[in-house]
Amino acid sequence: MGSLTGSDKQFTGWLVWLWVLFILFCSSALAGTLADTVFAFFLPSGGLQGGLLQLLAQKCFHIFLFVVLGLLAALPHRLRTPLLCVGLCFAIGIGSEGFQALWPTRSPSALDAVLNVLSALAAYALVFRWLSRRILAPT
């Protein structure tokens with residue numbers, strides 16, 4: 001596998017920030033309304049089963065958003081250090097829940113913030129470890 005060129009590394013930097021913007025959008029009131037509409041269409045409404053399925057879908061979406069953030073953060077970039085990436089995972093994971101507090105129809109959750117941070121850090125750690133083994137492995 002060839003190494004990334006300077007323009008490729010710059011592109012990975014933009015991908016991270018575009019994904020962060022998408023995460024912040026997903027924390028907005030509009031995204032909450034869209035999610036409720038999608039859940040109502042695909043999941044049975046009411047009852048214990050509908051509530052549990054909706055809760056599971058919401059948590060899976062949190063995991064998806066922040067696993068992708070962790071994967072993107074692990075991509076090589078000339079300005080990106082492990083400490084910066086871990087800080088980014090913490091800041092965005094907690095900040096996205098804080099951003100929800102700005103919207104009256106959204107409710108931030110400390111458990112969601114923990115889920116966000118752990119999802120991002122787990123994905124980052126796995127990819128970072130894999131990349132460091134590939135780089136340090138004898139050819």
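The values are calculated or read from the model by the stated rules, or taken from the named source; none is laboratory data. It should be emphasised that the depicted structure is a prediction, and the values quoted were computed from it without experimental measurement. Using ideal geometry, Cβ is built from the backbone for each residue, glycine included, and neighbour counts are taken over all protein chains shown.
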- Picked from segment 93-139 (must be aromatic (Phe, Trp, Tyr) and more than 15 Å from Phe25 (Cα to Cα)), the residue modelled with the highest pLDDT is Tyr124
- Message: Yes or no: segment 76-87 includes at least one residue that is in a helix (DSSP H, G or I), more than 18 Å from Trp19 (Cα to Cα) and touching a residue at least 24 places away in the same chain (Cβ under 8 Å).
- Response: yes
- Query: Within the bounds of segment 42-62, is there any residue that is in contact with a Phe, Trp or Tyr (Cβ under 9 Å, 6 or more places away or on another chain), of a type outside the set (Lys, Arg), closer than 25 Å to Trp17 by Cβ and at pLDDT below 90?
  - Reply: yes
- Query: Cβ-Cβ below 9 Å, separation at least six or inter-chain, first residue in segment 24-44 and touching a residue at least 60 places away in the same chain (Cβ under 8 Å), second among the β-branched types (Val, Ile, Thr) and not in a helix (DSSP H, G or I): which pairs?
  - Reply: Ala29/Thr105; Gly32/Thr105; Thr33/Thr105
- Selection from segment 96-106 of residues surrounded by fewer than 17 Cβ atoms within 10 Å (Cβ to Cβ) and under 30 Å from Leu75 (Cα atoms) yields Gly98
- Here the residues within segment 21-33 that are in a helix (DSSP H, G or I) and out of contact with any Ser or Thr (no Cβ under 9 Å at 6 or more places or on another chain) are Leu21, Phe22, Phe25, Leu30, Ala31
- Item | Flag for Leu71 being touching a residue at least 12 places away in the same chain (Cβ under 8 Å), out of contact with any Gly (no Cβ under 7 Å at 6 or more places or on another chain), assigned to a helix (DSSP H, G or I) and under 25 Å from Val38 (Cβ atoms) | yes
